[in-house]
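What follows is a set of notes on a single structure, which appears directly below.
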Amino acid sequence: MTRRLLLLLGLAALLVLAGCSAPTAGDGRPDPLTDREGWEDGYWYDDPVAVTTDDGLNESEREAVLARTMARVERIRGLEFQQSVSVEVISRTEYREEYAGRGSGGVDHWDEQVWEALLLVGEDTTVDEAYGPTFGASVRGFYAPGENAIVLVSDAETPTVDRWTLAHELVHALQDQHFGLDGYPETRDRRVGQNGVVEGDANYVADRYERRCVDAWNCLDRPVRGGGDTTGFNQGLFLTIYAPYVEGSAFVEAVRARSGWAGVNALYDDYPVSSEQVIHPEAYPDERPRTVEIPDRSNGRWERFDRDPAGETVGEAGVYAMFWANGQVNRSTHATYDYDHPLSAGWAGDRVVPYRNGERYGYVWASAWDSRADAREFATGYRDILAERAVRQPSADTYVLPESDPFGDAFRITREGTRVRIVNAPTVSELAGVHHAG
(Lines give C-alpha, C1' and ligand atoms only; values in the text may rest on other atoms or scores of the structure.)
Protein backbone atom coordinates (compact mmCIF):
# COMPACT_ATOMS: atom_id res chain seq x y z
CA MET A 1 0.00 0.00 0.00
CA THR A 2 1.30 3.45 -0.82
CA ARG A 3 -0.46 5.18 2.05
CA ARG A 4 -0.90 4.46 5.71
CA LEU A 5 -4.24 2.87 6.58
CA LEU A 6 -5.54 2.31 10.10
CA LEU A 7 -6.90 -1.20 9.77
CA LEU A 8 -9.49 -2.78 12.03
CA LEU A 9 -8.78 -6.48 12.35
CA GLY A 10 -11.04 -9.33 13.34
CA LEU A 11 -11.45 -13.02 12.70
CA ALA A 12 -15.02 -13.15 11.43
CA ALA A 13 -17.34 -11.49 8.99
CA LEU A 14 -18.90 -8.09 9.59
CA LEU A 15 -22.16 -7.87 11.43
CA VAL A 16 -25.24 -6.51 9.69
CA LEU A 17 -27.19 -3.60 11.13
CA ALA A 18 -30.75 -4.82 11.29
CA GLY A 19 -33.92 -2.83 11.79
CA CYS A 20 -37.11 -1.94 10.05
CA SER A 21 -38.78 0.79 8.05
CA ALA A 22 -37.01 3.88 6.70
CA PRO A 23 -34.65 6.23 8.55
CA THR A 24 -36.28 8.72 10.87
CA ALA A 25 -34.52 11.89 12.04
CA GLY A 26 -34.67 12.30 15.79
CA ASP A 27 -37.50 12.06 18.30
CA GLY A 28 -38.97 15.54 17.90
CA ARG A 29 -36.40 17.48 19.95
CA PRO A 30 -35.24 20.63 18.21
CA ASP A 31 -31.80 20.77 16.68
CA PRO A 32 -29.28 22.87 18.62
CA LEU A 33 -28.44 26.30 17.29
CA THR A 34 -24.79 25.25 16.98
CA ASP A 35 -23.08 21.89 16.73
CA ARG A 36 -22.39 20.21 20.05
CA GLU A 37 -21.20 16.93 21.53
CA GLY A 38 -23.84 14.24 21.23
CA TRP A 39 -25.58 15.71 18.18
CA GLU A 40 -24.67 15.33 14.51
CA ASP A 41 -26.52 16.15 11.31
CA GLY A 42 -30.03 16.07 12.77
CA TYR A 43 -29.54 13.20 15.22
CA TRP A 44 -29.04 13.20 18.97
CA TYR A 45 -27.02 10.33 20.45
CA ASP A 46 -30.13 8.73 21.99
CA ASP A 47 -32.50 9.26 19.04
CA PRO A 48 -34.11 6.20 17.46
CA VAL A 49 -33.03 5.24 13.96
CA ALA A 50 -35.05 2.78 11.91
CA VAL A 51 -33.58 1.23 8.79
CA THR A 52 -34.07 -1.93 6.79
CA THR A 53 -31.15 -4.05 5.66
CA ASP A 54 -32.91 -6.79 3.72
CA ASP A 55 -31.56 -5.26 0.53
CA GLY A 56 -28.54 -3.58 2.11
CA LEU A 57 -28.24 -0.04 3.42
CA ASN A 58 -28.99 2.59 0.81
CA GLU A 59 -27.34 6.00 0.87
CA SER A 60 -29.93 7.75 3.08
CA GLU A 61 -29.92 4.87 5.54
CA ARG A 62 -26.12 4.92 5.79
CA GLU A 63 -26.24 8.69 6.39
CA ALA A 64 -28.73 8.23 9.24
CA VAL A 65 -26.70 5.46 10.84
CA LEU A 66 -23.51 7.48 10.41
CA ALA A 67 -24.96 10.64 11.98
CA ARG A 68 -26.25 8.90 15.10
CA THR A 69 -23.10 6.83 15.50
CA MET A 70 -20.99 10.00 15.30
CA ALA A 71 -23.18 11.59 17.97
CA ARG A 72 -22.76 8.54 20.21
CA VAL A 73 -19.00 8.39 19.74
CA GLU A 74 -18.83 12.08 20.69
CA ARG A 75 -20.91 11.39 23.78
CA ILE A 76 -18.59 8.60 24.94
CA ARG A 77 -15.23 10.08 23.94
CA GLY A 78 -15.90 13.68 24.95
CA LEU A 79 -14.59 15.12 21.67
CA GLU A 80 -16.54 16.95 18.97
CA PHE A 81 -16.17 16.07 15.31
CA GLN A 82 -14.67 19.05 13.53
CA GLN A 83 -15.40 17.82 9.99
CA SER A 84 -17.80 15.47 8.28
CA VAL A 85 -16.70 11.90 7.62
CA SER A 86 -17.52 9.80 4.56
CA VAL A 87 -18.24 6.07 4.70
CA GLU A 88 -17.90 3.59 1.86
CA VAL A 89 -18.80 -0.10 2.04
CA ILE A 90 -16.94 -2.57 -0.17
CA SER A 91 -17.03 -6.35 -0.47
CA ARG A 92 -14.26 -8.53 0.91
CA THR A 93 -13.41 -9.54 -2.64
CA GLU A 94 -12.92 -5.88 -3.55
CA TYR A 95 -10.76 -5.37 -0.46
CA ARG A 96 -8.55 -8.35 -1.30
CA GLU A 97 -8.09 -7.17 -4.87
CA GLU A 98 -7.37 -3.52 -4.10
CA TYR A 99 -5.89 -3.33 -0.60
CA ALA A 100 -4.85 -6.68 0.87
CA GLY A 101 -1.41 -6.79 -0.75
CA ARG A 102 1.43 -5.02 1.09
CA GLY A 103 2.56 -3.07 -1.96
CA SER A 104 5.23 -4.20 -4.39
CA GLY A 105 4.40 -7.89 -4.48
CA GLY A 106 8.19 -8.48 -4.56
CA VAL A 107 10.59 -9.87 -1.99
CA ASP A 108 12.25 -7.65 0.62
CA HIS A 109 15.10 -9.88 1.77
CA TRP A 110 15.82 -7.65 4.78
CA ASP A 111 12.25 -8.00 6.00
CA GLU A 112 12.25 -11.73 5.24
CA GLN A 113 15.13 -12.26 7.69
CA VAL A 114 13.34 -10.37 10.46
CA TRP A 115 10.30 -12.63 10.20
CA GLU A 116 12.51 -15.72 9.88
CA ALA A 117 14.20 -14.76 13.15
CA LEU A 118 10.78 -14.91 14.77
CA LEU A 119 10.16 -18.30 13.12
CA LEU A 120 6.86 -16.98 11.76
CA VAL A 121 7.40 -16.69 7.98
CA GLY A 122 9.71 -19.31 6.50
CA GLU A 123 11.60 -19.71 3.26
CA ASP A 124 8.69 -21.60 1.67
CA THR A 125 6.79 -18.34 1.23
CA THR A 126 7.38 -14.59 1.33
CA VAL A 127 6.29 -12.00 3.86
CA ASP A 128 4.20 -10.38 1.14
CA GLU A 129 2.43 -13.66 0.44
CA ALA A 130 1.84 -14.26 4.16
CA TYR A 131 0.40 -10.81 4.75
CA GLY A 132 -2.10 -10.98 1.88
CA PRO A 133 -4.34 -13.83 3.16
CA THR A 134 -3.92 -12.73 6.78
CA PHE A 135 -5.14 -9.20 6.14
CA GLY A 136 -7.59 -10.31 3.48
CA ALA A 137 -9.42 -12.57 5.95
CA SER A 138 -9.29 -10.34 9.03
CA VAL A 139 -9.72 -6.67 8.08
CA ARG A 140 -13.19 -5.28 8.88
CA GLY A 141 -12.56 -1.72 7.85
CA PHE A 142 -10.02 1.07 7.73
CA TYR A 143 -9.58 4.82 8.03
CA ALA A 144 -7.27 6.85 5.80
CA PRO A 145 -5.59 9.61 7.89
CA GLY A 146 -5.99 13.07 6.47
CA GLU A 147 -8.90 12.08 4.23
CA ASN A 148 -11.79 11.84 6.74
CA ALA A 149 -12.80 8.70 4.86
CA ILE A 150 -13.81 5.33 6.25
CA VAL A 151 -14.03 2.12 4.23
CA LEU A 152 -15.96 -0.79 5.75
CA VAL A 153 -15.45 -4.32 4.46
CA SER A 154 -18.60 -6.40 4.11
CA ASP A 155 -18.79 -10.17 3.75
CA ALA A 156 -22.43 -10.07 2.65
CA GLU A 157 -23.49 -9.82 -0.98
CA THR A 158 -25.32 -6.57 -0.24
CA PRO A 159 -23.55 -3.63 1.49
CA THR A 160 -23.71 -4.01 5.27
CA VAL A 161 -22.46 -1.91 8.17
CA ASP A 162 -21.29 -3.12 11.56
CA ARG A 163 -22.13 -0.62 14.32
CA TRP A 164 -19.06 -1.63 16.40
CA THR A 165 -16.72 -1.32 13.42
CA LEU A 166 -18.20 2.02 12.43
CA ALA A 167 -17.77 3.37 15.97
CA HIS A 168 -14.15 2.16 16.02
CA GLU A 169 -13.27 3.82 12.72
CA LEU A 170 -15.03 7.04 13.73
CA VAL A 171 -12.72 7.26 16.74
CA HIS A 172 -9.82 7.28 14.26
CA ALA A 173 -11.45 10.24 12.52
CA LEU A 174 -11.71 12.04 15.88
CA GLN A 175 -8.06 11.25 16.65
CA ASP A 176 -6.98 12.54 13.28
CA GLN A 177 -9.00 15.75 13.59
CA HIS A 178 -7.86 16.55 17.14
CA PHE A 179 -4.34 15.08 17.42
CA GLY A 180 -3.12 14.13 13.93
CA LEU A 181 -2.13 10.61 12.92
CA ASP A 182 0.80 11.20 10.63
CA GLY A 183 3.69 9.79 12.69
CA TYR A 184 5.28 6.48 11.70
CA PRO A 185 8.00 5.22 14.09
CA GLU A 186 11.03 3.58 12.52
CA THR A 187 10.90 0.24 14.37
CA ARG A 188 8.14 -2.34 14.48
CA ASP A 189 8.02 -2.37 18.27
CA ARG A 190 7.67 1.41 18.55
CA ARG A 191 4.84 1.21 16.03
CA VAL A 192 3.08 -1.31 18.27
CA GLY A 193 3.54 1.14 21.14
CA GLN A 194 2.01 4.01 19.18
CA ASN A 195 -0.78 1.88 17.78
CA GLY A 196 -1.52 0.67 21.27
CA VAL A 197 -2.89 4.17 21.88
CA VAL A 198 -4.48 4.69 18.45
CA GLU A 199 -6.15 1.29 18.16
CA GLY A 200 -6.60 0.82 21.89
CA ASP A 201 -8.53 4.09 22.19
CA ALA A 202 -10.76 3.10 19.27
CA ASN A 203 -11.41 -0.39 20.64
CA TYR A 204 -12.08 0.92 24.14
CA VAL A 205 -14.68 3.41 22.89
CA ALA A 206 -16.33 0.84 20.62
CA ASP A 207 -16.59 -1.59 23.54
CA ARG A 208 -18.20 1.09 25.73
CA TYR A 209 -20.59 1.80 22.86
CA GLU A 210 -21.64 -1.84 22.91
CA ARG A 211 -22.12 -1.87 26.67
CA ARG A 212 -24.43 1.12 26.42
CA CYS A 213 -26.42 -0.71 23.76
CA VAL A 214 -27.03 -3.41 26.37
CA ASP A 215 -27.62 -1.14 29.35
CA ALA A 216 -29.13 2.13 28.10
CA TRP A 217 -29.40 2.81 24.40
CA ASN A 218 -31.85 1.58 21.82
CA CYS A 219 -29.52 -0.04 19.28
CA LEU A 220 -29.97 -1.91 16.06
CA ASP A 221 -29.84 -5.69 16.28
CA ARG A 222 -26.70 -7.68 15.59
CA PRO A 223 -27.19 -11.07 13.96
CA VAL A 224 -24.78 -13.98 14.38
CA ARG A 225 -21.48 -13.64 12.57
CA GLY A 226 -20.59 -15.74 9.61
CA GLY A 227 -17.13 -17.22 9.13
CA GLY A 228 -14.68 -15.81 6.60
CA ASP A 229 -12.22 -17.55 4.28
CA THR A 230 -9.06 -18.19 6.30
CA THR A 231 -7.10 -20.04 3.61
CA GLY A 232 -3.43 -19.18 4.05
CA PHE A 233 -4.12 -17.33 7.32
CA ASN A 234 -0.93 -17.03 9.44
CA GLN A 235 -2.04 -16.98 13.08
CA GLY A 236 1.42 -16.15 14.43
CA LEU A 237 1.77 -13.22 12.05
CA PHE A 238 -1.72 -12.08 13.01
CA LEU A 239 -0.75 -12.13 16.69
CA THR A 240 2.06 -9.66 16.06
CA ILE A 241 -0.24 -7.15 14.36
CA TYR A 242 -3.24 -7.68 16.65
CA ALA A 243 -1.38 -6.85 19.87
CA PRO A 244 -2.12 -3.08 19.87
CA TYR A 245 -5.84 -3.73 19.45
CA VAL A 246 -6.39 -6.06 22.39
CA GLU A 247 -3.61 -4.92 24.75
CA GLY A 248 -4.06 -1.29 23.73
CA SER A 249 -7.67 -1.28 24.89
CA ALA A 250 -6.64 -2.44 28.36
CA PHE A 251 -3.79 0.11 28.36
CA VAL A 252 -6.13 2.99 27.51
CA GLU A 253 -8.61 1.81 30.13
CA ALA A 254 -5.84 1.82 32.76
CA VAL A 255 -4.73 5.35 31.81
CA ARG A 256 -8.31 6.65 31.85
CA ALA A 257 -8.92 5.04 35.25
CA ARG A 258 -6.08 7.00 36.82
CA SER A 259 -6.23 10.31 34.88
CA GLY A 260 -9.49 10.47 32.91
CA TRP A 261 -9.91 11.30 29.24
CA ALA A 262 -7.43 14.15 29.68
CA GLY A 263 -4.80 11.54 30.45
CA VAL A 264 -5.73 9.57 27.35
CA ASN A 265 -5.57 12.73 25.22
CA ALA A 266 -2.08 13.40 26.59
CA LEU A 267 -0.89 10.04 25.25
CA TYR A 268 -0.96 11.48 21.73
CA ASP A 269 1.90 13.78 22.73
CA ASP A 270 3.84 11.02 24.50
CA TYR A 271 3.18 7.62 22.95
CA PRO A 272 4.40 4.40 24.55
CA VAL A 273 7.77 3.51 23.06
CA SER A 274 7.41 -0.27 23.13
CA SER A 275 4.88 -3.09 23.15
CA GLU A 276 6.12 -3.82 26.67
CA GLN A 277 4.64 -0.54 27.91
CA VAL A 278 1.29 -1.39 26.31
CA ILE A 279 1.21 -4.95 27.65
CA HIS A 280 2.27 -3.74 31.12
CA PRO A 281 0.66 -0.30 31.71
CA GLU A 282 2.65 0.07 34.94
CA ALA A 283 5.80 0.28 32.79
CA TYR A 284 4.55 3.50 31.12
CA PRO A 285 6.15 6.01 30.93
CA ASP A 286 9.29 5.28 32.95
CA GLU A 287 10.41 1.78 31.93
CA ARG A 288 11.99 2.40 28.56
CA PRO A 289 13.69 -0.32 26.49
CA ARG A 290 17.45 -0.67 26.45
CA THR A 291 19.37 0.09 23.29
CA VAL A 292 20.80 -3.18 22.01
CA GLU A 293 23.92 -2.80 19.87
CA ILE A 294 25.25 -5.56 17.62
CA PRO A 295 28.89 -5.05 16.62
CA ASP A 296 29.59 -6.07 13.05
CA ARG A 297 31.74 -9.21 13.30
CA SER A 298 31.10 -10.50 9.80
CA ASN A 299 33.87 -11.52 7.42
CA GLY A 300 34.51 -9.96 4.04
CA ARG A 301 31.95 -12.13 2.28
CA TRP A 302 28.97 -11.30 4.49
CA GLU A 303 27.64 -7.75 4.84
CA ARG A 304 24.77 -5.80 6.29
CA PHE A 305 22.06 -4.36 4.09
CA ASP A 306 22.27 -0.69 3.12
CA ARG A 307 19.41 0.17 5.46
CA ASP A 308 19.06 2.84 8.16
CA PRO A 309 18.58 1.72 10.83
CA ALA A 310 20.47 -1.48 10.10
CA GLY A 311 18.27 -3.54 12.41
CA GLU A 312 14.68 -4.05 13.52
CA THR A 313 13.18 -4.33 17.01
CA VAL A 314 10.45 -6.96 17.29
CA GLY A 315 9.59 -6.36 20.96
CA GLU A 316 7.78 -8.32 23.63
CA ALA A 317 4.65 -8.77 21.52
CA GLY A 318 6.69 -10.28 18.67
CA VAL A 319 8.48 -12.64 21.04
CA TYR A 320 5.17 -13.82 22.50
CA ALA A 321 3.73 -14.43 19.02
CA MET A 322 6.82 -16.48 18.13
CA PHE A 323 6.51 -18.74 21.15
CA TRP A 324 2.75 -19.12 20.68
CA ALA A 325 3.05 -20.03 16.99
CA ASN A 326 5.81 -22.56 17.70
CA GLY A 327 3.97 -24.46 20.40
CA GLN A 328 5.79 -23.17 23.49
CA VAL A 329 2.68 -21.54 25.01
CA ASN A 330 0.22 -23.92 26.69
CA ARG A 331 -2.95 -23.06 24.81
CA SER A 332 -5.16 -24.98 27.24
CA THR A 333 -4.20 -22.73 30.17
CA HIS A 334 -3.11 -19.45 28.55
CA ALA A 335 -5.50 -17.28 26.54
CA THR A 336 -4.26 -16.69 22.99
CA TYR A 337 -4.58 -12.91 23.12
CA ASP A 338 -3.01 -12.49 26.55
CA TYR A 339 0.46 -11.27 25.59
CA ASP A 340 1.78 -11.35 29.18
CA HIS A 341 3.61 -14.69 29.32
CA PRO A 342 6.71 -15.84 31.26
CA LEU A 343 8.63 -16.63 28.06
CA SER A 344 8.35 -13.04 26.80
CA ALA A 345 7.84 -10.99 29.98
CA GLY A 346 11.08 -9.53 31.23
CA TRP A 347 11.98 -8.32 27.73
CA ALA A 348 14.18 -5.22 27.97
CA GLY A 349 15.20 -4.63 24.36
CA ASP A 350 16.26 -6.37 21.15
CA ARG A 351 17.66 -5.88 17.69
CA VAL A 352 17.59 -8.09 14.57
CA VAL A 353 20.28 -7.26 11.98
CA PRO A 354 19.97 -9.10 8.62
CA TYR A 355 23.06 -10.06 6.58
CA ARG A 356 23.62 -11.18 3.01
CA ASN A 357 26.28 -12.86 0.90
CA GLY A 358 25.09 -12.58 -2.69
CA GLU A 359 21.84 -14.56 -2.73
CA ARG A 360 22.51 -16.17 0.66
CA TYR A 361 21.03 -14.63 3.79
CA GLY A 362 21.37 -14.74 7.56
CA TYR A 363 20.89 -12.57 10.63
CA VAL A 364 21.98 -11.77 14.16
CA TRP A 365 19.29 -11.31 16.80
CA ALA A 366 20.44 -9.95 20.15
CA SER A 367 18.08 -9.38 23.07
CA ALA A 368 18.37 -7.90 26.56
CA TRP A 369 16.35 -9.07 29.57
CA ASP A 370 15.50 -7.71 32.98
CA SER A 371 17.22 -10.57 34.79
CA ARG A 372 19.40 -13.61 34.20
CA ALA A 373 16.37 -15.78 34.87
CA ASP A 374 14.35 -13.98 32.17
CA ALA A 375 17.21 -14.36 29.67
CA ARG A 376 17.64 -18.03 30.56
CA GLU A 377 13.90 -18.68 30.11
CA PHE A 378 13.88 -17.04 26.68
CA ALA A 379 17.01 -18.89 25.55
CA THR A 380 15.64 -22.21 26.78
CA GLY A 381 12.35 -21.64 24.97
CA TYR A 382 14.10 -20.82 21.69
CA ARG A 383 16.41 -23.84 22.05
CA ASP A 384 13.38 -26.06 22.66
CA ILE A 385 11.87 -24.92 19.37
CA LEU A 386 15.10 -25.67 17.51
CA ALA A 387 15.68 -28.99 19.25
CA GLU A 388 12.25 -30.25 18.23
CA ARG A 389 12.97 -29.49 14.56
CA ALA A 390 16.74 -30.07 14.30
CA VAL A 391 18.19 -32.84 12.18
CA ARG A 392 21.49 -32.59 14.05
CA GLN A 393 23.21 -30.62 16.82
CA PRO A 394 26.95 -30.21 16.15
CA SER A 395 27.54 -28.53 19.53
CA ALA A 396 25.64 -27.55 22.66
CA ASP A 397 24.73 -24.13 21.22
CA THR A 398 24.39 -25.05 17.52
CA TYR A 399 21.40 -26.55 15.74
CA VAL A 400 20.81 -27.53 12.12
CA LEU A 401 17.28 -27.74 10.75
CA PRO A 402 16.60 -29.94 7.71
CA GLU A 403 16.35 -28.42 4.24
CA SER A 404 12.70 -29.51 4.14
CA ASP A 405 11.93 -27.26 7.10
CA PRO A 406 10.68 -23.72 6.25
CA PHE A 407 13.49 -22.44 8.50
CA GLY A 408 16.04 -24.98 7.29
CA ASP A 409 19.27 -23.20 8.31
CA ALA A 410 21.97 -23.40 10.97
CA PHE A 411 21.50 -21.58 14.30
CA ARG A 412 23.86 -20.66 17.11
CA ILE A 413 22.28 -19.42 20.35
CA THR A 414 24.34 -18.19 23.31
CA ARG A 415 23.55 -16.43 26.58
CA GLU A 416 25.79 -14.15 28.59
CA GLY A 417 24.15 -12.89 31.77
CA THR A 418 21.04 -10.95 30.77
CA ARG A 419 21.88 -10.99 27.04
CA VAL A 420 20.99 -13.61 24.42
CA ARG A 421 22.43 -13.74 20.91
CA ILE A 422 21.08 -15.85 18.04
CA VAL A 423 23.09 -16.15 14.82
CA ASN A 424 21.59 -17.67 11.67
CA ALA A 425 23.25 -18.75 8.42
CA PRO A 426 22.55 -21.29 5.67
CA THR A 427 25.22 -23.69 7.02
CA VAL A 428 27.21 -24.24 10.21
CA SER A 429 30.45 -23.19 8.52
CA GLU A 430 28.90 -19.84 7.57
CA LEU A 431 27.78 -18.90 11.10
CA ALA A 432 31.18 -17.42 11.90
CA GLY A 433 31.09 -15.51 8.61
CA VAL A 434 27.87 -13.79 9.65
CA HIS A 435 29.01 -13.13 13.22
CA HIS A 436 32.27 -14.37 14.69
CA ALA A 437 31.81 -15.45 18.30
CA GLY A 438 34.89 -13.41 19.24
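The values are calculated or read from the model by the stated rules, or taken from the named source; none is laboratory data. Predicted model only: the values in this text are computed from it and were never measured. No Cβ is skipped: glycine too gets one built from the backbone with ideal geometry, and neighbour counts run over all protein chains shown.
A compact table of results
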| read-out | value |
| --- | --- |
| Any chance Val214 is in the same structural domain as Ile90 (by TED's automatic domain parsing), modelled with pLDDT under 95 and either in a helix (DSSP H, G or I) or touching a helix residue (DSSP H, G or I) at 6+ places or on another chain (Cβ under 8 Å) (or both) | yes |
| Residues of segment 285-305 that turn out to be closer than 18 Å to Thr187 by Cβ and either in the same structural domain as Tyr355 (by TED's automatic domain parsing) or of a type outside the set (Asp, Glu) (or both), as a count | 9 |
| Options Ala366, Ala375, Ala348: the member that is touching a residue at least 12 places away in the same chain (Cβ under 8 Å) and more than 25 Å from Phe407 (Cα to Cα) | Ala348 |
| Any pair with Cβ under 7 angstrom, 6 or more apart, that starts in segment 383-403 at a residue that is over 20 Å from Ala437 (Cβ atoms) and of a type in the set (D, E, K, R) and ends at one that is surrounded by 15 or more Cβ atoms within 10 Å (Cβ to Cβ) and modelled with pLDDT of 95 or more | Asp384/Gln328; Arg389/Leu401; Arg389/Asp405 |
| Condition check for Asp270: out of contact with any Pro (no Cβ under 8 Å at 6 or more places or on another chain), among the acidic types (Asp, Glu), at pLDDT 95 or above and more than 11 Å from Gly200 (Cα to Cα) | no |
| Residues of segment 320-350 classified as among the hydrophobic types (A, V, I, L, M, F, W, C) and outside any loop (DSSP other than H, G, I, E, B), total | 7 |
| Candidate set: segment 389-428, residues that are basic (Lys, Arg) and in contact with a Lys or Arg (Cβ under 9 Å, 6 or more places away or on another chain); chosen: the one farthest from Trp110 (Cα to Cα) | Arg415 |
| Pick from segment 402-417, criterion buried (at least 19 other Cβ atoms within 10 Å of the Cβ) and assigned to a loop (DSSP other than H, G, I, E, B), ranking: farthest from the chain's Cα centre (by Cα) | Asp409 |
| Conditions (1) assigned to a strand (DSSP E or B); (2) surrounded by fewer than 20 Cβ atoms within 10 Å (Cβ to Cβ); (3) of a type in the set (Lys, Arg); number of the one not met by Arg383 | (1) |
| Sole residue being closer than 30 Å to Tyr43 by Cα, touching a residue at least 24 places away in the same chain (Cβ under 8 Å) and surrounded by fewer than 18 Cβ atoms within 10 Å (Cβ to Cβ), chosen from Ser154, Ser86 | Ser86 |
| Test: Ala396 is among the small types (Gly, Ala, Ser), at pLDDT 95 or above and more than 30 Å from the chain's Cα centre (by Cα) | yes |
| So Pro285, is it of a type outside the set (S, T, N, Q), under 29 Å from Tyr361 (Cα atoms) and surrounded by fewer than 17 Cβ atoms within 10 Å (Cβ to Cβ) | no |
